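Below is one structure, written out as structure tokens, with a few remarks after it.
The values are calculated or read from the model by the stated rules, or taken from the named source; none is laboratory data. The shown structure was predicted, so the numbers you read here are calculated from the model rather than taken from an experiment. Every residue, glycine as well, gets a Cβ built from its backbone with ideal geometry; the counts of neighbours run over all protein chains shown.
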Amino acid sequence: MTTTAPRDEQLWSRCDGCASLLYRKRLRRNLDVCPECGSHARLDAPERVAQLVDPDSFTALPDRAVRVDPIDFVDALPYPHRLGAARAGTGLDEAVLCGTARLGGHPVALAVMDFRFLGGSLGCAVGELITRTAERALADGTPLVLVTASGGARMQEGALSLMQMATVSQALAGLREAGLLTVSVVTDPTYGGVAASFATNTDVVLAESGARLGFAGPRVIRQVTGAALPDGFQTAEYLLRHGQVDLVVPRHALRGRLAALLAAAEAGRRPPATRPAPRPVAPPPAAARPARDPWETVRTARHPGRPTTLDYLETAFDGFVELHGDRLGADCPAVVGGVARLAGRPVMVIGHQKGHTTAELVARNFGMASPAGHRKALRLMRLAARLRLPVVTLVDTPGADPGVAAERQGQAAAIAESILAMSVLPTPVVAVVTGEGGSGGALALAVADRVLMLEHAVYSVISPEGCAAILWSDSSAAPQAARALRLTGADLCRLGVVDELVPEPHPGAHGDPAGAAELLGRAVAVNLAPLLTVPPATLVRRRRQRFRRFGAARSAAAPGAAAPAGGRPEVA
Ligand SMILES: [Zn+2]
């Protein structure tokens, strides 16, 4: 926002986005977001702190920035003169304000950069202050929030400023090792050495609406490549589409999103509450219902009215905060994931997402995950393990994306890595096949301690159509293939692939989505509860035993093989 004239500057501002003249107090009440066009004006660090943290909860770190001019740098002016002017102009010692506070009631350490101070540049003092803030978080056992606004490393301090990228990053690594949440809030603009270190190597990266982030600035890129840049290049929305940030958050929602993430992280560090065990769900009354033909079950599992993962997140779970992106270049719409609460307890939920209409199905690629989807899922599972949050996966996919691009991006390796990593993930995992459990794409989310299946879901090595086309040389033999493949829940329970069937309202989840959600939520909670108190090493050992006991292991009693399939795994 630009002030209009000296006399009016306390009263009116002109919006940089739409040039509207705005009453200053009204703008401030709106968190410096233009009520006309939604443009987010830059905030200085004290304003930002005031907007984010609980009132009167901020305590600045006692550490003061030392005056540093390590290479006696002079351009048109000696560097100390520029530093002095920045201090006088901002009232800050340096380009970052650091301290501890509470946010939504949760203790947090935070460092907030100020672009007014030499372009928010990362010098030795800034690096040192952010590092001390991270060390304070480690000592206190609290999460760390970094709000970035920077043109990059500070040239006037030479290579020593470059080193700050490593100094701060290793402090973040310490928090990662300790299982303490780190979040960056990327604000406009964040570039260069800050973008290429602590703005993007935190657990969660939130971008404020309107923020731009990149390694190289647009001018440099145009000079070097001579190419025109795409519309919206390096904007928050562009970064979200390309898997670089978890969420784009408008300023008025930042506090709430941060508070939800901090609450989940805090819950992960608490021992599980001794609440009364949820009541188990009665198994489907098999005798009371006529046996369905497996092909009919396939058709029910694919019914467009069946609840999707996002439907269950709305109904069986609360407070879902979706996290996006594989951090490698894409965000797969066929896989959704994020933190949510189940029966009051934070969990990481990851699932395939289909849709109810053709447009939704197309937008979600029919629930067929790309390699980016598998890599996003894995990133979130690893984050959950670090934060000691249980993982719940909802499986509903015809199979992984079989396209050319998916092959080029390493679909096989992405599935393979997910399967391997889940087998050693040191946190409880409950998987539910809610619709179609199609092949490797399904197993990529289903290497779990407990594998549940909805009553009318299917889980199979190949689609009946695919099997019929190969073995019957006739895809119209799909109903026969469906019978032969043993893909229903009852069959898979007998084979030990599935531990428990979750009943559905009659005639299926599509007929009563709310009732289905209630049954699913209860079944997951019942299965999760006993896992919460099991030490991670024991969980992993039992999970590996669970997947060591199939097929040939049953009869051969291979060395190290555990109880044969079909028996219930030990739980408590
Ligand atoms: Zn405006």
Problem - Members of segment 173-201 that are assigned to a loop (DSSP other than H, G, I, E, B) and either over 15 Å from the mean Cα position of the chain (by Cα) or crowded, with 23+ Cβ neighbours inside 10 Å (or both) - result: 178, 179, 180, 181, 196, 197, 198, 199
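Taking segment 476-485 only, how many residues are under 15 Å from residue 457 (Cα atoms) and crowded, with 17+ Cβ neighbours inside 10 Å? Walk me through how you get there before you give the answer.
As a first pass, look at segment 476-485 and keep what is under 15 Å from residue 457 (Cα atoms): 482-483, 485.
Applying the additional criterion that residues be crowded, with 17+ Cβ neighbours inside 10 Å yields 482, 485.
Matching residues across segment 476-485 total 2.
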Fill in the blank from the handout: Restricted to segment 502-530 and to residues being in contact with a strand residue (DSSP E or B) (Cβ under 7 Å, 6 or more places away or on another chain), within 25 Å of residue 271 (Cα to Cα) and hydrophobic (A, V, I, L, M, F, W, C), the residue surrounded by the most Cβ atoms within 10 Å (Cβ to Cβ) is 524
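For segment 45-93: of the residues being among the polar types (S, T, N, Q) and assigned to a helix (DSSP H, G or I), which is surrounded by the fewest Cβ atoms within 10 Å (Cβ to Cβ)?
51
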Practice task
Kindly establish whether residue 58 is more than 13 Å from the ligand (Cβ to nearest atom) and free of Cβ contacts under 8 Å to residues at least 60 places away in the same chain.
Solution key: yes
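Yes or no, residue by residue, for (1) crowded, with 21+ Cβ neighbours inside 10 Å; (2) touching a residue at least 60 places away in the same chain (Cβ under 8 Å); (3) more than 17 Å from the chain's Cα centre (by Cα); (4) closer than 19 Å to residue 459 by Cβ:
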{"site": "371", "(1), (2), (3), (4)": "yes, no, no, no"}
{"site": "374", "(1), (2), (3), (4)": "yes, yes, no, yes"}
{"site": "387", "(1), (2), (3), (4)": "yes, yes, no, no"}
{"site": "390", "(1), (2), (3), (4)": "yes, yes, no, no"}
{"site": "396", "(1), (2), (3), (4)": "yes, yes, yes, yes"}
{"site": "399", "(1), (2), (3), (4)": "no, yes, yes, yes"}
{"site": "404", "(1), (2), (3), (4)": "no, no, yes, no"}
{"site": "408", "(1), (2), (3), (4)": "no, no, yes, no"}
{"site": "414", "(1), (2), (3), (4)": "yes, no, yes, no"}
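Scan 498, 526 and give me the residue that is of a type in the set (Val, Ile, Thr), within 29 Å of the chain's Cα centre (by Cα) and either part of a loop (DSSP other than H, G, I, E, B) or under 17 Å from residue 437 (Cα atoms) (or both).
498 is the lone residue from the list that is of a type in the set (Val, Ile, Thr), within 29 Å of the chain's Cα centre (by Cα) and either part of a loop (DSSP other than H, G, I, E, B) or under 17 Å from residue 437 (Cα atoms) (or both).
Residue by residue, here is whether (1) farther than 19 Å from residue 259 by Cα; (2) in contact with a helix residue (DSSP H, G or I) (Cβ under 7 Å, 6 or more places away or on another chain) holds:
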site	(1), (2)
157	yes, yes
164	yes, yes
191	yes, no
197	yes, yes
207	no, yes
219	yes, no
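Please state which one of 100, 131 is among the polar types (S, T, N, Q), in a helix (DSSP H, G or I) and touching a residue at least 40 places away in the same chain (Cβ under 8 Å). Break it down into steps so the answer makes sense when it comes.
Values: 100 fails: in a helix (DSSP H, G or I).
None of the others qualify; the one that does is 131.
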Problem - Hits in segment 293-321 - residues which are basic (Lys, Arg) and assigned to a loop (DSSP other than H, G, I, E, B) - result: 302, 306
Problem - Residue selected from segment 7-40 under the condition away from the ligand (no atom under 13 Å from the Cβ) and assigned to a loop (DSSP other than H, G, I, E, B), by the criterion modelled with the highest pLDDT - result: 31
Exercise for the section: Select from segment 52-108 the residues that are touching an Asp or Glu at 6+ places or on another chain (Cβ under 8 Å) and of a type in the set (Gly, Ala, Ser) and list them in ascending order. Expected result: 65, 95, 101, 104, 105
Exercise for the section: Test residue 109 against the criterion of being in contact with a helix residue (DSSP H, G or I) (Cβ under 6 Å, 6 or more places away or on another chain) and either within 16 Å of the ligand (Cβ to nearest atom) or part of a strand (DSSP E or B) (or both), and give yes or no. Expected result: yes
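Just the residues that are within 19 Å of residue 424 (Cβ to Cβ) and loosely packed, with under 14 Cβ neighbours inside 10 Å, please, taken from segment 531-540. Spell out the reasoning first.
Initially, segment 531-540 is screened for residues within 19 Å of residue 424 (Cβ to Cβ), giving 531-532, 534-540.
Selection gives 535, 537, 538.
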Fill in the blank from the handout: Result of the Cβ filter at 7 Å on segment 333-347, keeping first residues that are at positive phi and partners that are in a strand (DSSP E or B) and modelled with pLDDT of 95 or more, at least 6 apart or interchain, is 338/320; 338/321; 338/322; 338/349
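Please go through segment 384-415 and give me each residue that is part of a helix (DSSP H, G or I) and of a type in the set (Asp, Glu), ordered by number. Give the steps one after another, and end with the answer.
Kept after step one, since they are part of a helix (DSSP H, G or I), are these residues of segment 384-415: 384-386, 404-408, 411-415.
407 - this is the single residue of segment 384-415 that is part of a helix (DSSP H, G or I) and of a type in the set (Asp, Glu).
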Exercise for the section: Kindly establish whether residue 138 is outside any strand (DSSP E or B) and touching a helix residue (DSSP H, G or I) at 6+ places or on another chain (Cβ under 8 Å). Expected result: yes
Handout entry: Residue list for segment 112-128, restricted to those being closer than 16 Å to residue 166 by Cβ and outside any helix (DSSP H, G or I)
Key = 122, 123
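I need a count of the residues in segment 295-327 that are farther than 27 Å from residue 205 by Cα and aliphatic (A, V, I, L, M).
Narrowing segment 295-327 to residues farther than 27 Å from residue 205 by Cα: 295-307.
Pick out the ones that are also aliphatic (A, V, I, L, M) and you get 298, 301.
Count: 2.
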Handout entry: Number of positions in segment 447-473 that are modelled with pLDDT of 95 or more, touching a Gly at 6+ places or on another chain (Cβ under 7 Å), small (Gly, Ala, Ser) and part of a loop (DSSP other than H, G, I, E, B)
Key = 1
Practice task
Scan (1) touching a residue at least 60 places away in the same chain (Cβ under 8 Å); (2) of a type in the set (A, V, I, L, M, F, W, C); (3) touching an Asp or Glu at 6+ places or on another chain (Cβ under 8 Å) for the single condition residue 194 breaks and write down its number.
Solution key: (3)
Handout entry: Only listed residue being in contact (Cβ under 8 Å) with a residue 40 or more places away in the chain and within 21 Å of residue 189 (Cβ to Cβ), chosen from 19, 41, 65
Key = 41
